[in-house]
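The values are calculated or read from the model by the stated rules, or taken from the named source; none is laboratory data. Keep in mind that this is a model prediction, so the values were computed, not measured. Quick reminder, even Gly has a Cβ in these numbers, built from the backbone with ideal geometry, and neighbours come from all protein chains shown. Please note that ligands, DNA and RNA were not included when accessible areas were found on the heavy atoms of the full protein model with its side chains. Shrake-Rupley method; radii C 1.70, N 1.55, O 1.52, S 1.80 Å.
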Amino acid sequence: MAYVSWNKGLNKKNHPGLAKIAKARSKRNNFAQWQKNHPIKYASLHKSSELAEFYGTMLGDGCIEKFARTEKLSVSFNSKETQHIRHVKKMISDIFLKEPAAQIRNYSHCINLTLYQKNLSSRLKFPTGEKQLHPLGIPHWIRENEKFLIKCLKGLFETDGDWVIDKKYGTNVMKFTNVIPELLKDVHKSLIGLGFTAHLGKRRVTISRKSETKKFAEMIKFRLY
């Protein structure tokens with residue numbers, strides 16, 4: 001015996017169930033068209049000390065991934081950096097008006113703060129994908145303002161920086177490590193411009209004079225963990 005569909009010969013005009021389904025579909029289609037005609041518009045990000053610090057944080061341990069309908073911003077941390085995580089979480093909330101989610105990586109001591117939102121890359125002027133594939137550096141709007149620059153350096157050094165103090169061997173070094181040549185050059189040039197004796201290496205920039213490391217740490221309010 002051949003199978004006959006239950007709704008053969010029925011339509012929305014003569015069957016209440018089909019009329020209900022058609023009405024629901026119509027609403028969905030109308031809303032989809034409304035969304036298409038009324039895309040969400042995000043305001044440009046206001047240039048500020050907080051944005052400058054966050055940009056430095058992104059240059060250090062952040063990235064943006066692009067998806068079909070949205071973008072994902074991520075910043076990675078060691079799970080022990082509880083103060084730093086809270087601080088960056090607040091920055092993200094202040095800047096993007098949305099609280100990021102905290103994701104714990106399995107089998108590691110790493111936590112990611114993540115935020116999904118459209119047009120993150122274009123608004124932040126930060127590329128999507130792997131950072132080392134782009135000639136990233138410190139933006140002009142930050143470098144031309146000393147207050148912004150100091151905040152950006154704070155973001156950079158608190159992600160990819162380290163303060164090494166070894167009393168036994170008399171070592172007292174502030175160093176920034178990264179693989180992007182343009183960024184290393186910008187950090188080196190910025191430190192020189194701020195009056196520090198900085199040294200540029202292949203993958204790091206260092207300040208090794210004891211008096212200067214302390215001065216720089218105090219200047220950026222370097223966060224010890």
Practice task
Work out, step by step, the length gained on full extension between Phe67 and Asn14: first 0.36 nm times the residue separation, then minus their alpha carbon distance; give nm to one decimal.
Solution key: 14.7 nm
Completion exercise
Given a Förster distance of 30 Å, the FRET efficiency implied by the Cβ-Cβ spacing of Glu146 and Lys167, rounded to the nearest 0.05, works out to 0.35
Exercise for the section: Using only protein heavy atoms and a 1.4 Å probe, report how much of His109 is accessible, in Å² to the nearest 10. Expected result: 140
Exercise for the section: Could you pull out every residue, at least 5 positions away or on a different chain, whose amide H is within less than 5 Å of the one on Cys110? Hs are placed 1.01 Å off N in the peptide plane, and Pro or chain starts have none. Expected result: Ser79, Arg105
Completion exercise
Rounded to the nearest 0.05, FRET efficiency between Asn106 and Arg203 (Cβ-Cβ, R0 35 Å) equals 0.75
Practice task
With springs connecting C-alpha atoms under 10 Å apart, model the chain as a Gaussian network and identify which of Ser208, Ser93, Ser108 has the largest mean-square fluctuation.
Solution key: Ser108
Problem - Environment charge at Gly195 (Cβ cut-off 12 Å; Lys +1, Arg +1, Asp -1, Glu -1) - result: 0
